[in-house]
Amino acid sequence: MRQEIIDRMNILAAGGEPFLFVIDYEGDGAYIHKLSEINPQECLYDFEGVGNVDKMDVRPLPTPVEWQVDEPRYEDYEKSFAIVKSNLMAGNSYLTNLTCKVPVRCSLTPDDIFLHARGKYKLLLKVGKETGERKSIVCFSPETFVKIKGGRIYSYPMKGTLDATIPDAERVLMDDEKEAAEHATIVDLIRNDLSRVATDVRVDRYRYIDLLHTNKGDILQTSSEVSGQLPADYRRNIGDILAAQLPAGSITGAPKDKTVAIISQAEGDKRGFYTGVMGIYDNGELNSAVMIRFIEQDQSGMYFKAGGGITWMSDCRKEYEEVIQKIYLPMG
C-alpha cells in the first residue's frame, strides 16, 4: 500500500476521527474521508446497518428487472486457467484466485442496484470526475475482511460456494475435498497475516456455512473466524495494520507474493477497486469487507467482476461454471 494512504489512515485514527476507507486491490488508489465530510452524491455506504443512506430516497424498484449476462467465452477463460494450473503443478502456488470481467446488461442504474440490493456490506462510489473518466462502482459484499473490537483483530476468510438447491447441499459442500483443501490453505494464510500485527492468533470457528439469497436462487458459502490480540498502541497504527493484511488472502492465494504475480500474468488486466477493501474506523473499532460481488459501469457499459480459487485439483469447466453462478443481483 502507498505510504501516503497508510499515513492518512494513521493520522485520522490517532486523532479520533471516524472515517471511511476504500482501497484498491494494488494499494495504489484510495478513497478516504471523514464520515462527517462524505458527499452522498459521490458515495453511499451501508456496512451492517451503519451508513449514510436516507431511507426516504429509496424509490420503488422498477419491474420487471432486466438482467442479462454476456458470458465470457469458455476458450478465453480456459487460457487464463491454463496459466494458473501450470504454475500450480510447478509448485509456484498452492492456491490462486482467478477472476474475470463479464459484461452485463441491466435495466437498473448503479444507484438503483445499491439501494435495493441486499448485502452485508454495500457501497456506491462514483469516481473519475476530475479526469472526465467517470465510473460508478457498486459492491454488495458478503465477506468480512477484518474487524477490530476490544483490542482484538478478527478475520473471516470465505472460500467454498455451492448451489443451495442441490440435494443434501450442505453435506456435499463440506465433503468436497477440493473446497476443503482450498479453505484450509486460506485459513493458514490468514493466520500468518494476522501474526504480523497480533499475538495469540487462533482459529475461533472453522468452516461454518452461510446461506446467501440471490436473484438466481440461494447459494451456500463456507467461512472461518481467525483472531489475534493487537498491541496497546494499535490506534496509532491502523493504516500499518491494514497494509500488513493486503491484498486479502482470500482473493489472492498462497504463497501470496508469488501468487499475485501469477494472477497478473493470467488475468492481463488491472482489477482496480475490485477485490480491494472497504470499511469504517470509529473510536478504536474497525469493520471492513473484501470488495467482491462487484459491478462497475463506465462509458463503455456495465460489467460484473467475479472469480474463484483454483487448486491443482480444480476442473476448468467446473470453475468456469462457478464464476457464472456468482454473477447475480442479491434481490431474490
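Worth a mention:
- Residue match in region 173-194 (condition: part of a loop (DSSP other than H, G, I, E, B) and among the acidic types (Asp, Glu)): yes
- Close contacts from region 316-332, counting a first residue that is in contact (Cβ under 8 Å) with a residue 12 or more places away in the chain and a second that is assigned to a helix (DSSP H, G or I) and surrounded by 19 or more Cβ atoms within 10 Å (Cβ to Cβ), with Cβ to Cβ under 6 Å and a gap of 6+ residues or different chains, come to CYS316/PHE81; TYR320/TYR77.
- The one condition in (1) aliphatic (A, V, I, L, M); (2) touching a strand residue (DSSP E or B) at 6+ places or on another chain (Cβ under 6 Å); (3) within 19 Å of ILE295 (Cβ to Cβ) that ILE32 fails to fulfil: (3)
- Here ASP168, ASP163 are screened, and the one residue that is more than 16 Å from the chain's Cα centre (by Cα), surrounded by fewer than 22 Cβ atoms within 10 Å (Cβ to Cβ) and in contact (Cβ under 8 Å) with a residue 24 or more places away in the chain is ASP163.
- Scanning region 1-28 for residues that are in contact with a strand residue (DSSP E or B) (Cβ under 8 Å, 6 or more places away or on another chain) and either acidic (Asp, Glu) or modelled with pLDDT under 95 (or both) returns MET1, GLU17, ASP24.
- Considering only residues in region 80-106 that are buried (at least 21 other Cβ atoms within 10 Å of the Cβ) and of a type in the set (Gly, Ala, Ser), the one that is farthest from THR63 (Cα to Cα) turns out to be SER93.
- Unique match (being closer than 30 Å to ASN52 by Cβ, of a type in the set (S, T, N, Q) and out of contact with any helix residue (DSSP H, G or I) (no Cβ under 6 Å at 6 or more places or on another chain)) among SER250, SER223, SER264, SER195: SER223
- The residue of region 1-49 that is nearest to LEU108 (Cα to Cα), among those that are open to solvent by 80 Å² or more (accessible area, probe 1.4 Å) and not in a helix (DSSP H, G or I), is GLN41.
- With respect to the conditions (1) over 15 Å from ASP315 (Cα atoms); (2) part of a helix (DSSP H, G or I); (3) out of contact with any Leu (no Cβ under 8 Å at 6 or more places or on another chain), SER93 lacks only one, and its number is (2).
- The residues of region 107-125 that are part of a strand (DSSP E or B) and open to solvent by less than 10 Å² (accessible area, probe 1.4 Å), listed by number, are TYR121, LEU123, LEU124, LEU125.
The values are calculated or read from the model by the stated rules, or taken from the named source; none is laboratory data. Predicted model, so just to flag it, every value in this text is computed and none were measured. In this analysis, Cβ positions are derived from the backbone assuming ideal geometry, glycine residues included, and neighbour counts consider all displayed protein chains. Ligands, DNA and RNA are excluded from the accessible area calculation, which covers all protein heavy atoms including side chains. Shrake-Rupley method; radii C 1.70, N 1.55, O 1.52, S 1.80 Å.
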